[in-house]
1. Pull up the stretch 1-57, narrow it to residues that are touching a Lys or Arg at 6+ places or on another chain (Cβ under 9 Å) and outside any helix (DSSP H, G or I), then point me to the one that is surrounded by the most Cβ atoms within 10 Å (Cβ to Cβ).
2. Taking the stretch 58-74, which residues are open to solvent by less than 60 Å² (accessible area, probe 1.4 Å) and among the aliphatic types (A, V, I, L, M)?
3. If Arg68 satisfies all but one of (1) more than 20 Å from the chain's Cα centre (by Cα); (2) modelled with pLDDT of 90 or more, what's the number of the condition it fails?
Amino acid sequence: MTRNMRLRGRIETVAAGLCGLLFLVTLVRRDWIEEVFGVDPDQHSGALEWVIVALALGATLTFSLLARGEYRRARRLSTAR
(Lines give C-alpha, C1' and ligand atoms only; values in the text may rest on other atoms or scores of the structure.)
Protein backbone atom coordinates (compact mmCIF):
# COMPACT_ATOMS: atom_id res chain seq x y z
CA MET A 1 0.00 0.00 0.00
CA THR A 2 2.78 2.46 0.77
CA ARG A 3 4.10 1.69 -2.68
CA ASN A 4 1.06 3.49 -4.10
CA MET A 5 1.61 6.52 -1.89
CA ARG A 6 2.97 9.42 -3.89
CA LEU A 7 6.01 11.46 -2.94
CA ARG A 8 3.64 14.22 -1.92
CA GLY A 9 2.14 12.02 0.79
CA ARG A 10 5.55 11.06 2.11
CA ILE A 11 6.63 14.71 2.27
CA GLU A 12 3.40 15.64 4.07
CA THR A 13 3.99 12.87 6.60
CA VAL A 14 7.55 14.03 7.31
CA ALA A 15 6.42 17.67 7.52
CA ALA A 16 3.68 16.73 10.00
CA GLY A 17 6.24 14.92 12.15
CA LEU A 18 8.71 17.80 12.09
CA CYS A 19 6.03 20.38 12.90
CA GLY A 20 4.78 18.16 15.71
CA LEU A 21 8.29 17.92 17.08
CA LEU A 22 8.70 21.70 16.90
CA PHE A 23 5.36 22.06 18.69
CA LEU A 24 6.42 19.76 21.51
CA VAL A 25 9.91 21.23 21.89
CA THR A 26 8.57 24.78 22.04
CA LEU A 27 5.81 23.80 24.44
CA VAL A 28 8.21 22.02 26.82
CA ARG A 29 11.33 24.17 26.46
CA ARG A 30 10.17 27.71 25.72
CA ASP A 31 13.59 29.35 25.81
CA TRP A 32 15.17 27.20 23.09
CA ILE A 33 15.22 30.12 20.65
CA GLU A 34 17.38 32.18 23.00
CA GLU A 35 19.70 29.22 23.63
CA VAL A 36 20.12 28.16 20.00
CA PHE A 37 20.33 31.55 18.29
CA GLY A 38 21.64 33.69 21.15
CA VAL A 39 19.00 36.39 20.66
CA ASP A 40 15.92 37.35 22.64
CA PRO A 41 13.44 38.68 20.06
CA ASP A 42 10.56 39.15 22.51
CA GLN A 43 12.54 40.32 25.59
CA HIS A 44 11.40 37.34 27.71
CA SER A 45 7.69 38.00 27.20
CA GLY A 46 7.12 34.56 25.69
CA ALA A 47 4.95 35.96 22.88
CA LEU A 48 7.13 34.57 20.11
CA GLU A 49 7.11 31.12 21.66
CA TRP A 50 3.31 31.08 21.84
CA VAL A 51 3.10 32.16 18.20
CA ILE A 52 5.44 29.30 17.28
CA VAL A 53 3.34 26.84 19.30
CA ALA A 54 0.14 27.97 17.58
CA LEU A 55 1.66 27.91 14.08
CA ALA A 56 3.33 24.54 14.63
CA LEU A 57 0.10 23.03 15.91
CA GLY A 58 -1.82 24.38 12.92
CA ALA A 59 0.82 23.11 10.50
CA THR A 60 0.89 19.70 12.20
CA LEU A 61 -2.87 19.32 11.87
CA THR A 62 -2.87 20.54 8.26
CA PHE A 63 -0.04 18.27 7.11
CA SER A 64 -1.55 15.34 9.01
CA LEU A 65 -4.89 15.74 7.27
CA LEU A 66 -3.21 16.08 3.87
CA ALA A 67 -1.10 12.98 4.49
CA ARG A 68 -4.21 11.12 5.64
CA GLY A 69 -5.87 11.94 2.32
CA GLU A 70 -2.88 10.60 0.42
CA TYR A 71 -2.85 7.44 2.56
CA ARG A 72 -6.54 6.86 1.86
CA ARG A 73 -5.96 7.43 -1.85
CA ALA A 74 -3.15 4.86 -1.83
CA ARG A 75 -5.36 2.42 0.05
CA ARG A 76 -8.17 2.82 -2.50
CA LEU A 77 -5.73 2.18 -5.32
CA SER A 78 -4.35 -0.97 -3.68
CA THR A 79 -7.82 -2.44 -3.04
CA ALA A 80 -8.99 -1.61 -6.58
CA ARG A 81 -6.40 -3.97 -8.09
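1. Met5
2. Correct list: Ala59, Ala67, Ala74.
3. Of the numbered conditions (1) more than 20 Å from the chain's Cα centre (by Cα); (2) modelled with pLDDT of 90 or more, the odd one out for Arg68 is (1).
The values are calculated or read from the model by the stated rules, or taken from the named source; none is laboratory data. What you see is a predicted model; the values in this text were computed from it and never measured. Reconstructed Cβ throughout: ideal geometry from the backbone, glycine too, with neighbour counts over all protein chains shown. Surface accessibility is based on the protein's heavy atoms, side chains included, excluding ligands, DNA and RNA. Shrake-Rupley method; radii C 1.70, N 1.55, O 1.52, S 1.80 Å.
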